[in-house]
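The values are calculated or read from the model by the stated rules, or taken from the named source; none is laboratory data. In this text the structure is predicted, and so the values were computed from the model without any measurement. Please note: Cβ atoms are built from the backbone with ideal geometry, for glycine as well, and neighbour counts cover all protein chains shown. Ligands, DNA and RNA are excluded from the accessible area calculation, which covers all protein heavy atoms including side chains. Shrake-Rupley method; radii C 1.70, N 1.55, O 1.52, S 1.80 Å.
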4 protein chains.
Amino acid sequence: MTETTSTRTSGVVASKERTLARLKRIEGQARGLQRMVESEQYCIDILTQVSAMTSALESVALTLLDDHLQHCVREAIADGTDADAKIAEASAAIARLVRS
Amino acid sequence: MTETTSTRTSGVVASKERTLARLKRIEGQARGLQRMVESEQYCIDILTQVSAMTSALESVALTLLDDHLQHCVREAIADGTDADAKIAEASAAIARLVRS
Amino acid sequence: MTETTSTRTSGVVASKERTLARLKRIEGQARGLQRMVESEQYCIDILTQVSAMTSALESVALTLLDDHLQHCVREAIADGTDADAKIAEASAAIARLVRS
Amino acid sequence: MTETTSTRTSGVVASKERTLARLKRIEGQARGLQRMVESEQYCIDILTQVSAMTSALESVALTLLDDHLQHCVREAIADGTDADAKIAEASAAIARLVRS
């Protein structure tokens, strides 16, 4: 609450850059997996890479969700508008994440 | 926001009763699984029951988390005290849930 | 393949006892959770326990699945009867587990 | 067991093509996510896409695992060589998948 608007904005920009870098890496993992399947590498080694990629994706999801709670949900509650809907929407996203 | 304190309180009580009923049922599933293992039922049938029990537990977790966002996190943000800590704590709980 | 039938049987018995002990502990966790909800302990502490219980259940499932592959699926394949059906059934159980 | 070697081989090739097509689509999802983050689309919509991508990855993993059981593990058991090691390795891969 003590941070200025510009500090918060640059925090959001930094977080966006980090998320893009992580998604770029995940895209690279998807390409790496295609090469592994193409060259018929050992199934278990491919599966290990799939698990690593799934974990990387989950980390991105958890960061996005934390950002969402810290910004959108927090502002909706502070403003007193739309708070119920925002919380319900966040809970639904968490459920999809836990079950996926 | 238009609900009175007493409506909200009875909502919390109803939710607590529902959670207790679901945990009681989950405890019954744990006992049922012991009987299945004891009488050496078919592994795949036991595994099906374990999956059902895991899903039931996840549903309880998602309900508890939604209640937590709707009450504790919302109040911390509305009060302007402790909001950062409460959101960080909720995000950590979500991460444990997604990874468990 | 070199182990005698009696070694294998006592392995199965030991594994059964371990699984029963773990399910008994999980049943205790379900009861502990009811006490936590009943006495209105802090939601995040309850969620931490739910995550611990989910992990414990997953460990039991993975042990049961490993036993199933080592015994039922292996025997079906070695006998040459029913191997396709057994493998399909194991894969379906793995899918339920991954998605639950 | 009644299928000829050539039927089985063409099954493996078809399965390889399908897996490559699915990984290509997943790579496209990773690129789509970058565009969504780049153009600052709504966090919840991004999260929905992340969940869809995680589910698609899990499906690929389950198909690879089923193939592995049907071919590598099955052959190891039928040959009577290396069966223990192959089953232990498959169980470890399943555990990584369930926990990721």
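Structure values in brief
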read-out	value
Members of segment C:29-46 that are at the interface with chain B (Cβ under 7 Å from one of its Cβ atoms) and surrounded by fewer than 16 Cβ atoms within 10 Å (Cβ to Cβ)	C:Arg31, C:Glu38
Residues being open to solvent by 30 Å² or more (accessible area, probe 1.4 Å), farther than 30 Å from D:Arg35 by Cα and not charged (D, E, K, R) - total across segment D:47-100	9
Number of the condition not met by A:Ala14 [criteria: (1) modelled with pLDDT of 95 or more; (2) open to solvent by 40 Å² or more (accessible area, probe 1.4 Å)]	(1)
Of all residues making up segment D:56-100, the number that are modelled with pLDDT under 95 and hydroxyl-bearing (Ser, Thr, Tyr)	2
